[in-house]
1. Only one of (1) open to solvent by 30 Å² or more (accessible area, probe 1.4 Å); (2) in a loop (DSSP other than H, G, I, E, B); (3) among the small types (G, A, S) is not met by S130, so which one is it?
2. Scan the helices (runs of 4 or more DSSP H) fully inside the range 144-219 and keep the ones with 3 or more residues being within 16 Å of ligand 4 (Cβ to nearest atom).
3. Cβ contacts < 8 Å: first residue closer than 24 Å to D111 by Cβ, restricted to the range 145-168; second residue among the basic types (K, R), any location; separation 6+ or different chain. Result?
4. Does K172 fit the bill of being of a type in the set (D, E, K, R), more than 16 Å from ligand 2 (Cβ to nearest atom) and touching a Ser or Thr at 6+ places or on another chain (Cβ under 9 Å)?
5. Pairs under 7 Å by beta carbon, first residue closer than 16 Å to V47 by Cβ and part of a strand (DSSP E or B) in the range 108-119, partner open to solvent by 10 Å² or more (accessible area, probe 1.4 Å) and away from ligand 1 (no atom under 16 Å from the Cβ), six or more apart or different chains?
6. Where residues in the range 249-278 are assigned to a helix (DSSP H, G or I) and either among the acidic types (D, E) or open to solvent by less than 70 Å² (accessible area, probe 1.4 Å) (or both), which of them is modelled with the lowest pLDDT?
7. Considering each of T183, T151, T198 in turn, give the residue that is surrounded by fewer than 18 Cβ atoms within 10 Å (Cβ to Cβ), within 16 Å of ligand 2 (Cβ to nearest atom) and under 18 Å from the mean Cα position of the chain (by Cα).
8. Kindly list, by first and then second residue, each pair from a residue in the range 40-68 that is over 18 Å from C252 (Cα atoms) and open to solvent by less than 10 Å² (accessible area, probe 1.4 Å) to a residue that is in a strand (DSSP E or B) and aromatic (F, W, Y), limited to pairs with Cβ atoms under 6 Å and residues at least 6 apart or on different chains.
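The values are calculated or read from the model by the stated rules, or taken from the named source; none is laboratory data. Model, not experiment: these values are computed from the prediction. Because the Cβ atoms are built from the backbone with ideal geometry, glycine has one as well, and the counts that use them run over all protein chains shown. The protein model used for the area step is the full one, side chains on, heavy atoms only, and it has no ligands, DNA or RNA in it. Shrake-Rupley method; radii C 1.70, N 1.55, O 1.52, S 1.80 Å.
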Amino acid sequence: AKKQENNSFRYFDLQMEKDINARMSMVQDLKRAIENKEFEIYYQPKVELTSEKMIGAEALIRWHRPEHGIVSPADFIPVAESSGLISEIGKWLLYEACQHCKTWHTLGFHDFSIAVNLSPIQFRRGNLPSIVSKALKHADLSANYLELEITESLFIDDTEHVKEQIHAITAKGVSMAIDDFGTGYSNLNYLTNFNASTLKIDRSFIKDLLTSAQHLHIVNAIIQMSQVMEIDCIAEGIEDTATWDILKSLGCQYGQGYYWSEPLPYKEFCRLAQNHIKH
Ligand code: C2E
Ligand code: CA
Ligand code: CA
Ligand code: CA
């Protein structure tokens, strides 16, 4: 037994060493990634459920890591966050996404808005409001076309510092959406405290809407609450017509998901929007 224990410790040591090395090399590669233009933004349409009209898109980052292929944000965002690199990456993305949105307007996709995901780390330095302003100004994009998606985890600590910045940002006319709504912190006070204008119902509730009565009740309650509070509601992860129809009948205004389109590279997104406008 003793011998086995030693072996398994040794195994964990080796595994841990491997993990630490992999993480360190990812940090090194991430440092060079902006300079080398290895990031790309994919865009997923946001659609009004009743009219099926496209109203804009969510920006979702991808990393073309040399010798690794496309790396999903789920795999590198946590490393970018713990190393602090997310601030630099997030700033680049905000500038790029605002410019793309401006181009959509000139292409005739009138009133398309752009939603950008923010990490709580981006609120640390306190300069987020000024970064947002500069990105809008640089793209000559009006603030009401930009929506920032934040998660409930942002409200757990450092509330005053975060609140001040959110107020400064919303005062400019930028809107805030609560992403992954229903999965995190459950104090609902922040909905009013933080001027949220949209609730984004998490995919975990949407994906089994047809089979889980419990999730149906939760989704219904979220939609009802958003209506009473006059906050917009968007469902993420809609993959089929039946789910689309249920959400529509429950009074959910907007939706996003593979049923309509996967996230697409910029040019493909523009092509999709072009066809959409024509029909
Ligand atoms: P999220 O913000 O909740 O984004 C939704 C995720 O669900 C995206 O994954 C999207 O591709 C995926 N999705 C959309 N529709 C469907 C569907 O119908 N079915 C299924 N199964 N999935 C769907 P993605 O692009 O891999 O992003 C994962 C997460 O990474 C995001 O979750 C977000 O938290 C984070 N992320 C992505 N881009 C950024 C970014 O630019 N900055 C930050 N801070 N986080 C980002
Ligand atoms: Ca999001
Ligand atoms: Ca989500
Ligand atoms: Ca998420």
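1. All conditions pass for S130, except number (2).
2. Counting at least 3 such residues, we get 203-206.
3. Qualifying pairs under 8 Å: E149/K200.
4. yes
5. Taking only residues 6 or more apart or on different chains, the pairs are S113/Y145; I114/Y145.
6. This residue is H276.
7. The match here is T183.
8. Every condition considered, the pairs that remain are W63/F39.
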